[in-house]
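Read the structure below first, then the notes.
The values are calculated or read from the model by the stated rules, or taken from the named source; none is laboratory data. Please read these numbers as outputs of a predicted model, since none were measured by experiment. Cβ coordinates were reconstructed from backbone atoms using ideal geometry, including for glycine residues, and neighbour counts include every protein chain displayed. Surface accessibility is based on the protein's heavy atoms, side chains included, excluding ligands, DNA and RNA. Shrake-Rupley method; radii C 1.70, N 1.55, O 1.52, S 1.80 Å.
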Amino acid sequence: MKLATLKDRTRDGMLVVVSRDLTRCVSARPFAPTLQAALDDWEHVAPRLADLAHDLELGAVPAQRFHEHDALSPLPRAYQWADGSAYVNHVALVRKARGADLPDSFRTDPLMYQGGSDCFLAPRGPIVAVSEDHGIDLEAEIAVVTGDVPMGASREEAAAAIRLVMLVNDVSLRALMPDELAKGFGFFQSKPSSAFSPVAVTPDELGPAWDGGKVHLPMLVSVNGRPFGKANAGIDMTFDFPALIAHAARTRPLSAGTIIGSGTVSNRGEDGGPGRPIAEGGVGYSCLVELRTVETLQGGAARTPFLAFGDTVRIEMKDAGGHSIFGAIEQTVERAGG
């Protein structure tokens, strides 16, 4: 089934069940007013939501038009947002841009940081920034939402806890990162609010593209209407979602509604080196800093700028038939304060 949160007069919005073609929806209020409420009582609520989804497809319940512009992030705020970096190719390139080597442990032990989860951006809302000098970047990722996960969970327990899958734009301020990382305490100011796709889906909605831990489909990214990336999320993912969840739960339990991100989707080139832009026959990139790093390695300097005020990014994933699965994240960069 597909779930979304529509704007209303509350902070956490109204949970709706969405049709597979993303055109219609029906309120889930009789069973759960919000997505968090559904996740807190998933074993009881999920079958009822599934029945509602079935009736919606049959036209057996009154429905309203679903508009992605009316959607908040599926969880407008969450108890926890932990973002991994499962695509080691991305980590290697970003570190290379900072002149840092990749430790061998990065291929056996996942990287993860805890992001701000108190105020996520709407999928069609603006990316509000203070200054272009902060190096505004997009990061197209996949995320899963978990049920309760016990501390020290096994891989099997972690996999069983996956409730929903969605897309992410993990906005990054690249120019602020070096000084923050140099302090040894990780990201804070350089990681402002993220945005999630209009719709979150249960894994079964992905069909054969979901193997229990990875989504084997291209991540479609465009900047100002031009194709920028189509890296396959199932390729070059060093740590799958069960591994990331188990890592996050190693020394703490995870509450229902925890969001775990994959990190920027990134594919190596056919020769094993950095990928190539789409215009050169490659699959492109899911963030600007990767292209800038490749430009620096090949030409001595980055040519592509980071995002400027007025730029628009779009992130989407389509099934084998070309139909949007999650709806699209589409955001324009705006200056704080107008």
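A few comments on the model shown:
- Alpha carbon centroid spacing (whole Å) that separates segment 68-145 from segment 295-338: 13 Å
- Expressed as a whole percent, the accessible surface of segment 205-316 that belongs to carbon and sulfur atoms is 50, based on a 1.4 Å probe.
- Selected from L93, L138, L167 as most flexible by GNM, with the chain as the system and alpha-carbon contacts under 10 Å: L93
- Normalised alpha carbon radius of gyration of segment 244-307 [divisor 2.2 N^0.38 Å]: 1.56
- Taking the chain as a Gaussian network of alpha-carbon nodes connected by springs under 10 Å, the highest mean-square fluctuation of the residues T108, T146, T202 belongs to T108.
- Cβ-defined net charge surrounding E334, 12 Å radius [Lys, Arg +1; Asp, Glu -1]: -1
- Computed over the chain, Cα set: Rg, Dmax in Å: 19.2, 62
- The tail of the calculated P(r) for segment 169-255, taken as Cα-Cα distances beyond 18 Å, holds 67 percent of the pairs.
- Only beta bridges with both residues in the chain are counted; by DSSP, about 90 percent of them are antiparallel.
- List F31, F66, F306, ordered by accessible area with a 1.4 Å probe, largest first: F31, F306, F66
- If you take the alpha carbon atoms of segment 136-177 and fit the smallest convex hull around them, that volume is 96 Å³ per residue.
- The calculated P(r) of segment 1-69, using every Cα pair and 10 Å bins from 0, goes 23, 56, 21, 0 in percent.
- Heavy-atom accessible surface of the chain, averaged per residue, reaches 44 Å², computed with a 1.4 Å probe.
- Cα radius of gyration and Dmax for segment 138-295 (Å): 16.4, 46
- Taking amide H atoms as placed 1.01 Å from N in the peptide plane, the amide H of R24 lies under 5 Å from those of S19, F66, each 5 or more residues away in sequence or on another chain.
- Binned Cα-Cα distances of segment 282-334, short to long, each 10 Å bin given as a whole percent: 21, 37, 30, 12, 0
- Annotation for segment 25-44 versus segment 217-243: alpha-carbon center distance of 30 Å.
- Lysines with Cα under 24 Å of K96, excluding same-chain neighbours fewer than 8 positions away: K183, K191, K230
- Cα-only Debye scattering, segment 64-163: base-10 log of I(q)/I(0) at q = 0.12 Å⁻¹: -0.61
- As a size descriptor, the averaged projected area of the C-alpha convex hull of segment 107-154 was calculated at 6.1 nm².
- Accessible surface of segment 1-153, 1.4 Å probe, proportion on carbon and sulfur as whole %: 50 percent
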